Amino acid sequence: MLRSSFLLGALCALGTASAWAQAPYPSRPLTLVVPFAAGSGTDIGARVLAKDLTELLKTPVVIDNKQGANGALGAAAVARAKPDGYTLLIGSATTNAVNFSFFPSKLGYEPGSFDMVAGLGTSPISLYVAGNAKWRNLADLRAYAKAHPNELRCGSGNAVTQVACEIFRKTTGIDAVTVPYKSNPQSLTDLAGGHIDFAFSDASVAKVFIDGNKLKPLAVAAAQRYPATPDVATFREQGMADFELAGWTAVFVPTGTPAPVAEMLNAAVRKSLASPESVQLRASNGTQPLAFTLEESRRFAKEEIARWARYVKNSGVKPE
(Lines give C-alpha, C1' and ligand atoms only; values in the text may rest on other atoms or scores of the structure.)
Protein backbone atom coordinates (compact mmCIF):
# COMPACT_ATOMS: atom_id res chain seq x y z
CA MET A 1 0.00 0.00 0.00
CA LEU A 2 2.82 2.37 0.85
CA ARG A 3 4.53 1.65 -2.47
CA SER A 4 1.28 2.17 -4.39
CA SER A 5 0.73 5.50 -2.67
CA PHE A 6 4.29 6.54 -3.53
CA LEU A 7 3.85 5.62 -7.19
CA LEU A 8 0.51 7.40 -7.35
CA GLY A 9 2.08 10.53 -5.87
CA ALA A 10 4.96 10.39 -8.35
CA LEU A 11 2.58 10.02 -11.28
CA CYS A 12 0.54 12.98 -10.06
CA ALA A 13 3.71 15.06 -9.73
CA LEU A 14 4.76 14.12 -13.26
CA GLY A 15 1.31 15.00 -14.54
CA THR A 16 1.48 18.39 -12.82
CA ALA A 17 4.96 19.07 -14.22
CA SER A 18 3.82 18.09 -17.70
CA ALA A 19 0.77 20.34 -17.46
CA TRP A 20 2.97 23.20 -16.27
CA ALA A 21 5.44 22.71 -19.12
CA GLN A 22 2.58 22.84 -21.61
CA ALA A 23 0.86 25.84 -20.01
CA PRO A 24 0.16 28.58 -22.56
CA TYR A 25 2.54 31.51 -22.57
CA PRO A 26 2.37 33.68 -20.59
CA SER A 27 0.88 31.94 -17.58
CA ARG A 28 2.54 34.04 -14.88
CA PRO A 29 3.97 37.58 -14.46
CA LEU A 30 6.87 38.81 -16.60
CA THR A 31 9.85 40.74 -15.25
CA LEU A 32 11.18 43.62 -17.34
CA VAL A 33 14.73 44.40 -16.19
CA VAL A 34 15.80 48.02 -16.68
CA PRO A 35 19.59 48.30 -16.23
CA PHE A 36 19.40 51.99 -15.36
CA ALA A 37 17.95 54.07 -12.54
CA ALA A 38 14.26 54.65 -11.91
CA GLY A 39 13.23 57.93 -13.50
CA SER A 40 15.80 57.71 -16.30
CA GLY A 41 14.66 58.05 -19.90
CA THR A 42 15.05 54.31 -20.40
CA ASP A 43 12.99 53.62 -17.28
CA ILE A 44 10.18 55.97 -18.31
CA GLY A 45 9.87 54.24 -21.68
CA ALA A 46 10.01 50.83 -20.02
CA ARG A 47 7.08 51.70 -17.76
CA VAL A 48 4.94 52.65 -20.74
CA LEU A 49 5.91 49.37 -22.39
CA ALA A 50 5.16 47.39 -19.21
CA LYS A 51 1.70 48.92 -19.01
CA ASP A 52 0.99 48.09 -22.65
CA LEU A 53 2.34 44.53 -22.38
CA THR A 54 0.25 43.91 -19.28
CA GLU A 55 -2.85 44.69 -21.31
CA LEU A 56 -1.75 42.93 -24.48
CA LEU A 57 -0.45 39.73 -22.89
CA LYS A 58 -3.10 39.62 -20.15
CA THR A 59 -0.54 39.13 -17.39
CA PRO A 60 1.32 41.51 -15.03
CA VAL A 61 4.65 42.90 -16.22
CA VAL A 62 6.86 44.04 -13.35
CA ILE A 63 9.72 46.55 -13.68
CA ASP A 64 13.00 45.61 -11.96
CA ASN A 65 15.62 48.38 -11.93
CA LYS A 66 19.12 46.89 -11.69
CA GLN A 67 21.42 49.83 -12.28
CA GLY A 68 25.20 49.92 -12.18
CA ALA A 69 28.36 49.23 -14.15
CA ASN A 70 27.20 51.01 -17.31
CA GLY A 71 24.10 48.85 -17.43
CA ALA A 72 26.10 45.63 -17.14
CA LEU A 73 24.64 44.50 -13.79
CA GLY A 74 21.11 44.33 -15.11
CA ALA A 75 22.13 42.83 -18.42
CA ALA A 76 24.19 40.13 -16.73
CA ALA A 77 21.23 39.22 -14.51
CA VAL A 78 19.04 38.65 -17.57
CA ALA A 79 21.78 36.66 -19.30
CA ARG A 80 21.72 34.25 -16.34
CA ALA A 81 17.92 33.95 -16.31
CA LYS A 82 16.02 30.93 -17.59
CA PRO A 83 15.28 31.35 -21.34
CA ASP A 84 11.53 30.98 -20.99
CA GLY A 85 10.29 34.44 -21.95
CA TYR A 86 9.53 35.55 -18.40
CA THR A 87 12.63 37.71 -17.89
CA LEU A 88 13.19 40.48 -20.43
CA LEU A 89 15.88 43.13 -20.75
CA ILE A 90 15.48 46.70 -21.90
CA GLY A 91 18.79 46.77 -23.70
CA SER A 92 20.48 49.72 -25.37
CA ALA A 93 23.38 50.75 -27.56
CA THR A 94 25.39 50.86 -24.34
CA THR A 95 24.50 47.49 -22.80
CA ASN A 96 24.15 45.46 -26.00
CA ALA A 97 26.68 46.99 -28.36
CA VAL A 98 29.35 49.34 -26.95
CA ASN A 99 29.97 47.39 -23.74
CA PHE A 100 31.12 44.34 -25.69
CA SER A 101 34.09 46.30 -27.06
CA PHE A 102 34.51 48.67 -24.12
CA PHE A 103 34.54 46.18 -21.23
CA PRO A 104 35.12 42.79 -22.89
CA SER A 105 36.40 41.04 -19.76
CA LYS A 106 34.19 42.57 -17.06
CA LEU A 107 30.60 42.21 -18.22
CA GLY A 108 29.42 38.81 -17.07
CA TYR A 109 27.69 38.38 -20.43
CA GLU A 110 28.58 38.34 -24.13
CA PRO A 111 26.90 38.95 -27.50
CA GLY A 112 25.74 35.34 -27.61
CA SER A 113 23.93 35.72 -24.28
CA PHE A 114 20.91 37.43 -25.82
CA ASP A 115 18.45 37.43 -28.65
CA MET A 116 16.90 40.76 -29.59
CA VAL A 117 13.16 40.28 -30.01
CA ALA A 118 11.97 43.82 -30.78
CA GLY A 119 13.13 47.38 -31.26
CA LEU A 120 11.78 50.28 -29.21
CA GLY A 121 13.19 53.70 -30.11
CA THR A 122 16.21 55.59 -31.38
CA SER A 123 17.57 59.10 -31.51
CA PRO A 124 20.87 60.34 -32.92
CA ILE A 125 23.79 61.48 -30.85
CA SER A 126 24.42 65.20 -31.15
CA LEU A 127 27.07 67.61 -29.94
CA TYR A 128 25.70 70.24 -27.55
CA VAL A 129 26.97 73.51 -26.11
CA ALA A 130 25.47 75.94 -23.62
CA GLY A 131 22.54 77.97 -24.89
CA ASN A 132 24.50 81.22 -24.49
CA ALA A 133 27.67 79.91 -26.19
CA LYS A 134 28.93 82.04 -29.08
CA TRP A 135 29.72 78.99 -31.21
CA ARG A 136 27.20 78.49 -34.02
CA ASN A 137 28.69 75.42 -35.69
CA LEU A 138 31.64 73.02 -35.66
CA ALA A 139 33.88 75.49 -37.50
CA ASP A 140 33.43 78.00 -34.68
CA LEU A 141 34.23 75.38 -32.04
CA ARG A 142 37.31 74.17 -33.87
CA ALA A 143 38.58 77.71 -34.38
CA TYR A 144 38.19 78.43 -30.67
CA ALA A 145 39.93 75.18 -29.73
CA LYS A 146 42.86 76.00 -31.97
CA ALA A 147 43.22 79.42 -30.37
CA HIS A 148 42.81 78.02 -26.84
CA PRO A 149 44.70 74.69 -26.65
CA ASN A 150 44.22 72.39 -23.64
CA GLU A 151 41.22 74.41 -22.47
CA LEU A 152 38.08 72.59 -23.62
CA ARG A 153 36.27 69.80 -21.75
CA CYS A 154 33.93 67.26 -23.38
CA GLY A 155 31.23 65.71 -21.20
CA SER A 156 30.16 62.08 -21.58
CA GLY A 157 27.49 60.23 -19.62
CA ASN A 158 28.00 56.65 -20.80
CA ALA A 159 30.19 54.46 -22.99
CA VAL A 160 28.42 55.62 -26.16
CA THR A 161 29.12 59.30 -25.54
CA GLN A 162 32.63 58.64 -24.26
CA VAL A 163 33.45 56.99 -27.57
CA ALA A 164 31.87 59.99 -29.33
CA CYS A 165 34.11 62.40 -27.40
CA GLU A 166 37.23 60.42 -28.23
CA ILE A 167 36.45 59.99 -31.93
CA PHE A 168 35.63 63.67 -32.20
CA ARG A 169 38.90 64.68 -30.54
CA LYS A 170 40.91 62.31 -32.70
CA THR A 171 39.21 63.29 -35.96
CA THR A 172 39.23 67.05 -35.47
CA GLY A 173 42.52 67.38 -33.62
CA ILE A 174 40.74 69.34 -30.87
CA ASP A 175 42.76 68.97 -27.68
CA ALA A 176 39.89 68.50 -25.23
CA VAL A 177 39.71 66.53 -22.00
CA THR A 178 36.89 63.98 -21.73
CA VAL A 179 35.01 64.35 -18.45
CA PRO A 180 33.00 61.21 -17.55
CA TYR A 181 29.64 61.34 -15.76
CA LYS A 182 27.31 58.63 -14.50
CA SER A 183 24.57 59.65 -16.94
CA ASN A 184 23.92 61.98 -19.87
CA PRO A 185 21.46 64.14 -17.89
CA GLN A 186 24.26 64.82 -15.38
CA SER A 187 26.72 65.86 -18.08
CA LEU A 188 24.12 68.09 -19.76
CA THR A 189 23.23 69.72 -16.44
CA ASP A 190 26.89 70.58 -15.90
CA LEU A 191 27.12 71.82 -19.48
CA ALA A 192 24.15 74.13 -18.96
CA GLY A 193 25.82 75.33 -15.74
CA GLY A 194 29.08 76.21 -17.50
CA HIS A 195 31.22 73.53 -15.85
CA ILE A 196 32.19 71.88 -19.15
CA ASP A 197 32.36 73.27 -22.69
CA PHE A 198 30.53 70.75 -24.88
CA ALA A 199 28.97 67.32 -24.53
CA PHE A 200 27.57 64.46 -26.54
CA SER A 201 24.15 63.01 -25.81
CA ASP A 202 21.27 61.33 -27.53
CA ALA A 203 18.73 63.89 -28.66
CA SER A 204 15.89 62.48 -26.57
CA VAL A 205 17.73 63.25 -23.32
CA ALA A 206 18.74 66.74 -24.46
CA LYS A 207 15.28 67.82 -25.63
CA VAL A 208 14.19 69.24 -22.27
CA PHE A 209 17.38 71.34 -22.09
CA ILE A 210 16.87 72.60 -25.64
CA ASP A 211 13.24 73.47 -24.99
CA GLY A 212 14.38 75.55 -22.00
CA ASN A 213 17.05 77.32 -24.10
CA LYS A 214 19.73 75.99 -21.76
CA LEU A 215 21.53 74.07 -24.49
CA LYS A 216 21.81 74.11 -28.27
CA PRO A 217 23.05 71.45 -30.70
CA LEU A 218 25.92 72.24 -33.07
CA ALA A 219 25.89 69.04 -35.11
CA VAL A 220 23.87 65.82 -35.49
CA ALA A 221 25.62 62.47 -35.88
CA ALA A 222 23.17 61.06 -38.42
CA ALA A 223 22.96 60.53 -42.17
CA GLN A 224 20.20 63.13 -42.37
CA ARG A 225 19.10 66.06 -40.29
CA TYR A 226 17.03 65.20 -37.26
CA PRO A 227 13.32 66.11 -37.56
CA ALA A 228 13.27 67.62 -34.06
CA THR A 229 16.15 70.00 -34.94
CA PRO A 230 15.86 70.51 -38.72
CA ASP A 231 18.04 73.64 -38.75
CA VAL A 232 21.05 71.83 -37.28
CA ALA A 233 23.49 70.44 -39.86
CA THR A 234 24.89 66.92 -39.63
CA PHE A 235 28.55 66.19 -38.96
CA ARG A 236 28.85 65.05 -42.57
CA GLU A 237 27.52 68.40 -43.82
CA GLN A 238 30.15 70.09 -41.66
CA GLY A 239 33.05 68.08 -43.02
CA MET A 240 33.09 64.96 -40.79
CA ALA A 241 32.20 61.82 -42.74
CA ASP A 242 31.51 58.43 -41.11
CA PHE A 243 30.36 59.99 -37.86
CA GLU A 244 26.88 58.54 -37.45
CA LEU A 245 26.07 57.56 -33.88
CA ALA A 246 22.69 56.86 -32.35
CA GLY A 247 21.30 55.85 -29.00
CA TRP A 248 18.61 53.17 -29.06
CA THR A 249 16.64 50.84 -26.86
CA ALA A 250 15.27 47.38 -27.57
CA VAL A 251 13.87 44.29 -25.89
CA PHE A 252 16.18 41.31 -25.39
CA VAL A 253 15.68 37.81 -23.98
CA PRO A 254 18.21 35.16 -22.94
CA THR A 255 19.43 33.07 -25.84
CA GLY A 256 17.43 29.88 -26.21
CA THR A 257 14.04 31.45 -25.60
CA PRO A 258 11.52 29.46 -27.70
CA ALA A 259 10.79 30.94 -31.12
CA PRO A 260 6.99 31.11 -30.61
CA VAL A 261 7.54 33.10 -27.41
CA ALA A 262 9.92 35.48 -29.18
CA GLU A 263 7.40 35.96 -31.99
CA MET A 264 4.64 36.71 -29.50
CA LEU A 265 6.79 39.26 -27.69
CA ASN A 266 7.77 40.91 -30.96
CA ALA A 267 4.12 41.27 -31.98
CA ALA A 268 3.16 42.68 -28.58
CA VAL A 269 6.01 45.22 -28.50
CA ARG A 270 5.18 46.41 -32.01
CA LYS A 271 1.58 46.95 -30.94
CA SER A 272 2.84 48.88 -27.92
CA LEU A 273 4.81 51.22 -30.19
CA ALA A 274 1.50 52.30 -31.72
CA SER A 275 -0.30 52.86 -28.42
CA PRO A 276 -1.40 56.46 -27.66
CA GLU A 277 0.84 56.72 -24.58
CA SER A 278 3.87 55.41 -26.47
CA VAL A 279 3.28 57.79 -29.39
CA GLN A 280 2.86 60.69 -26.97
CA LEU A 281 6.09 59.82 -25.16
CA ARG A 282 8.07 59.76 -28.41
CA ALA A 283 6.55 63.09 -29.41
CA SER A 284 7.70 64.59 -26.13
CA ASN A 285 11.28 63.32 -26.26
CA GLY A 286 11.92 63.28 -30.00
CA THR A 287 12.55 59.54 -30.24
CA GLN A 288 11.85 57.66 -33.47
CA PRO A 289 10.26 54.16 -33.31
CA LEU A 290 12.12 50.97 -34.23
CA ALA A 291 9.24 48.80 -35.40
CA PHE A 292 11.31 45.78 -36.44
CA THR A 293 10.23 42.26 -37.25
CA LEU A 294 11.97 39.51 -35.30
CA GLU A 295 14.39 38.89 -38.17
CA GLU A 296 15.10 42.61 -38.56
CA SER A 297 15.69 42.89 -34.81
CA ARG A 298 18.34 40.22 -34.76
CA ARG A 299 20.07 41.63 -37.84
CA PHE A 300 20.06 45.09 -36.28
CA ALA A 301 21.65 43.79 -33.07
CA LYS A 302 24.52 42.13 -34.98
CA GLU A 303 25.12 45.21 -37.12
CA GLU A 304 25.23 47.50 -34.09
CA ILE A 305 27.76 45.30 -32.30
CA ALA A 306 30.02 45.44 -35.36
CA ARG A 307 29.46 49.18 -35.85
CA TRP A 308 30.40 50.05 -32.28
CA ALA A 309 33.39 47.71 -32.30
CA ARG A 310 34.70 49.74 -35.22
CA TYR A 311 33.96 53.03 -33.47
CA VAL A 312 35.66 51.93 -30.24
CA LYS A 313 38.71 50.88 -32.25
CA ASN A 314 38.77 54.20 -34.11
CA SER A 315 38.39 56.16 -30.87
CA GLY A 316 41.69 54.88 -29.54
CA VAL A 317 40.14 54.02 -26.18
CA LYS A 318 41.76 50.87 -24.79
CA PRO A 319 39.24 48.20 -23.68
CA GLU A 320 39.19 47.62 -19.93
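The values are calculated or read from the model by the stated rules, or taken from the named source; none is laboratory data. The structure displayed is predicted, hence computed values, not measured ones. Heads up, the Cβs are rebuilt from the backbone with ideal geometry, glycines too, and the neighbour counts pull from every protein chain shown.
Numbers below:
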{"item": "Breaking point among (1) at pLDDT 90 or above; (2) closer than 24 Å to PHE102 by Cα, for ASP175", "result": "(1)"}
{"item": "Which numbered condition ALA50 fails, given (1) touching a residue at least 24 places away in the same chain (Cβ under 8 Å); (2) closer than 15 Å to ASN266 by Cα", "result": "(1)"}
{"item": "Some residue of region 154-163 being modelled with pLDDT of 95 or more and either at negative phi or not assigned by TED's automatic domain parsing to the domain that holds GLY212 (or both)", "result": "yes"}
{"item": "For GLU320: the one exception among (1) surrounded by 15 or more Cβ atoms within 10 Å (Cβ to Cβ); (2) acidic (Asp, Glu); (3) at pLDDT below 95", "result": "(1)"}
{"item": "Qualifying residue in region 5-22 (condition: buried (at least 20 other Cβ atoms within 10 Å of the Cβ) and either in contact with an Asp or Glu (Cβ under 9 Å, 6 or more places away or on another chain) or modelled with pLDDT under 95 (or both))", "result": "no"}
{"item": "Members of region 167-184 that are touching a residue at least 40 places away in the same chain (Cβ under 8 Å) and of a type outside the set (Val, Ile, Thr)", "result": "PHE168, LYS170, SER183"}
{"item": "Candidate set: region 213-226, residues that are touching a residue at least 40 places away in the same chain (Cβ under 8 Å) and part of a loop (DSSP other than H, G, I, E, B); chosen: the one surrounded by the fewest Cβ atoms within 10 Å (Cβ to Cβ)", "result": "ASN213"}
{"item": "Residues (of a type in the set (D, E, K, R), in contact with a helix residue (DSSP H, G or I) (Cβ under 9 Å, 6 or more places away or on another chain) and at pLDDT 95 or above) located in region 189-206", "result": "ASP197"}
{"item": "Residue tally, condition assigned to a loop (DSSP other than H, G, I, E, B) and among the hydrophobic types (A, V, I, L, M, F, W, C), over region 227-273", "result": "8"}
{"item": "Number of the exception - ARG310 against (1) under 22 Å from VAL205 (Cα atoms); (2) at pLDDT below 95; (3) exposed (fewer than 13 other Cβ atoms within 10 Å of the Cβ)", "result": "(1)"}
{"item": "Top-ranked residue in region 284-299 [being part of a helix (DSSP H, G or I) and not aliphatic (A, V, I, L, M); ranked as surrounded by the most Cβ atoms within 10 Å (Cβ to Cβ)]", "result": "SER297"}
{"item": "Qualifying residues in region 170-207 (those that are assigned to a helix (DSSP H, G or I) and touching a Leu at 6+ places or on another chain (Cβ under 9 Å)) - the one farthest from GLY68 (Cα to Cα)", "result": "THR172"}
{"item": "One residue from ARG282, ARG310, ARG270, ARG298 being free of Cβ contacts under 8 Å to residues at least 12 places away in the same chain and assigned by TED's automatic domain parsing to the domain that holds ALA81", "result": "ARG310"}
